[in-house]
Amino acid sequence: MNILLIGSGGREHALSWKMSQSPLCENLYILPGNAGTAQCGTNVALNQSDFESIKTFALEHKISLCVIGPEAPLVEGIYDFFKGDEALAHIIVIGPSQEGAQLEGSKAYAKKFMADFNIPTAAYQEFTAETLAAGLSYIETQTPPIVLKADGLAAGKGVLIIDNIEEAKTALTEMLGGKFGQASETVVIEQFLDGIEFSVFVLTDGKDYQVLPVAKDYKRIGEGDTGLNTGGMGAVSPVPFVDDVLMKKVEDRVIKPTINGIHQKGIQYQGFVFIGLIKVGEEPYVIEYNCRLGDPETEVVLPRLKNDLVQLFQATDNGGLASVKIEKDERAATTIMLVSGGYPEAYEKGKLITGIDNINDSIVFHAGTKAVDGTVHTNGGRVLAITSFGSDIKTALDISNKNAEQISFEGKNYRRDIGFDL
Ligand code: AMP
Ligand code: GLY
């Protein structure tokens, strides 16, 4: 079949690397893609929010599977666009409907969903400009740290964790005053949960589901989990503290009620639910939902998945998902993200990257890269993800770290301590 993948990051290189291994994959197109995805298929220079152009392309190239990597087109309703168009409706779309994408696109929606279906999460209240005074009083009743979340998508910057009541009140006032534009017209204030985070990925057809390998990502820019939040600086899978006992709690208390909730609400959802969890004591709580795979978690999850991914996607459409058996590589996989100097704040692009071709014991997934006359240049904050296997996490990390040294570009930065807390 002909497959169209939307997106351009490390996640999309990993998805295209995996799908291109399937005998079911005839032609793979990545829109817009990067220098790495171009080695797995054909990049298409279109805008991922330009649904009309995507439609024309999909029809001309007889696409029968369309996989949506990032959240933005899903929140903008790409699923509904396909299913509402007679010419496109037959195409399998991996990614939920606009309503399902609200699990990621609106923190208030997600919190209400969790409350309605009795899914463990931090206690919360939501406020708007009209209820600012009530919000300020609510903060006074809380014990810091105070967690403030912009309701909508805010490029990963919409969550503030503040140690002081007065500062939290100022922050709430600023957020409701438009600090994150429309995204912070509603703000969720929630209880701070103290624990260790991990990520669970579920593939669902809206009724049945399968659980993919568990991962943990490292979001802060600095070693020891310090400094600003990033999209993710590295990841590992499996996660040693996520044992069978904890995973059973996650499945019974979180995954099953989440899929049941989606089903009961009649939400069209063929795709991934990414559940960001935190282990507090021995108990799992949901920090957030995302309606897509994580990045860089995908760069360790898919290498450990032995199943044919295209076949799994087909199963979300033909009722076969319940009978699939997920097979995992028992080895550990780790990834280390090489980023541009300055990231996650301002950084320069267009730096020549050297040394990728000499690496043969890691998979180098491209994130922000661009091919220029036979060479590869940086084209984003997160540049390359170096994924390695090992009998354990440490062995895999040693290989990723060794190869991170071998690749050069001006300003290269990376964390040498991925996995430090395991
Ligand atoms: P989110 O965008 O909701 O995933 O939040 C971003 C990050 O903020 C999470 O990955 C956590 O590290 C942290 N965080 C969010 N909510 C809480 C909470 N209730 N308690 C503690 N940390 C949180
Ligand atoms: N790595 C976290 C995310 O993809 O949101």
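The values are calculated or read from the model by the stated rules, or taken from the named source; none is laboratory data. Everything numeric here is computed off the predicted structure, so don't read it as measured data. Cβ atoms come from the backbone with ideal geometry, glycine included; neighbour counts cover every protein chain shown. Accessible surface is based on the protein model in full, side chains and every heavy atom, while ligands, DNA and RNA are left aside. Shrake-Rupley method; radii C 1.70, N 1.55, O 1.52, S 1.80 Å.
Each residue was assigned an accessible area with a 1.4 Å probe, and for residue 391 the value is about 100 Å². Averaging Cα coordinates gives a centre for region 36-60 and one for region 93-149; these two points are 35 Å apart. Each Lys and Arg contributes +1 and each Asp and Glu -1, all at the Cβ; summed about the Cα centre of region 212-335, the dipole is approximately 240 debye.
Is the chain rounded, prolate or oblate when judged by the Cα gyration tensor, a ≥ b ≥ c being the square roots of its eigenvalues, rounded requiring a/c under 1.5 and prolate requiring a/b larger than b/c? Since a/c stays below 1.5, the shape of the chain is classed as rounded. Could you name the aspartates and glutamates in cross-link range of residue 306, using Cα to Cα under 15 Å and dropping any fewer than eight places away on the same chain? In chain and number order, the partners are 327, 329, 330. Solvent-accessible surface of protein heavy atoms, probed at 1.4 angstrom with all chains present, puts 382, 304, 416 in the order 416, 382, 304, largest first.
Solvent-accessible surface (1.4 Å probe) assigned to residue 330 amounts to roughly 150 Å². Our summary gives region 366-417 a relative contact order of 24 percent, counting only alpha carbon pairs under 8 angstrom and 6 or more residues apart. Overall, the accessible surface of the chain at a probe of 1.4 angstrom is composed of carbon and sulfur to the extent of 47 percent. Ranking 133, 354, 164 by how far each Cα lies toward the positive end of the dipole of the chain (charges on Cβ) leaves 354 at the top. Positive-end ranking of 272, 321, 339 along the dipole of region 267-422, with charges on Cβ about the Cα centre, is headed by 339. Dipole magnitude for the chain: computed about the Cα centre from +1 point charges on Lys and Arg Cβ and -1 point charges on Asp and Glu Cβ, it is near 480 debye.
Centre-to-centre separation between the Cα atoms of region 214-235 and those of region 397-422: 13 Å. Annotation: average projected area of region 200-246 is 4.6 square nanometres, based on the convex hull of Cα atoms across all directions.
Which value at 222 nm does the chain reach when only helices count, each DSSP H run of 4 or more adding -39,500 (n - 2.57), with the total divided by all residues and rounded to the nearest 500 deg cm²/dmol?
-8000 deg cm²/dmol
Once C-alpha pairs closer than 8 Å and six or more residues apart are averaged by separation and normalised to the residue number of region 254-373, the relative contact order reads 16 percent.
Would you please classify the overall shape of region 1-76 from the alpha carbon gyration tensor, given that a ≥ b ≥ c denote the square roots of the eigenvalues, rounded means a/c under 1.5, and beyond that prolate means a/b larger than b/c while oblate covers the rest? Oblate. Straight Cα distances below 19 angstrom link residue 402 to the aspartates and glutamates 223, 299, 357, 361, 392, 410, 417, with same-chain residues fewer than 8 positions distant left out.
Accessible area per residue (1.4 Å probe, heavy atoms of protein chains only) ranks 12, 130 as 130, 12, with the largest value leading. Ranking 115, 41, 16 by Cα position along the charge dipole of region 1-115, where only Lys, Arg, Asp and Glu carry charges on their C-beta atoms, puts 115 farthest toward the positive end. Evaluated with a Cβ-only charge set (Lys, Arg +1; Asp, Glu -1), region 26-104 carries a dipole of roughly 260 debye about its Cα centre, given to the nearest 20. For the chain, the relative contact order works out to 17 percent when only alpha carbon pairs closer than 8 Å and six or more residues apart are counted.
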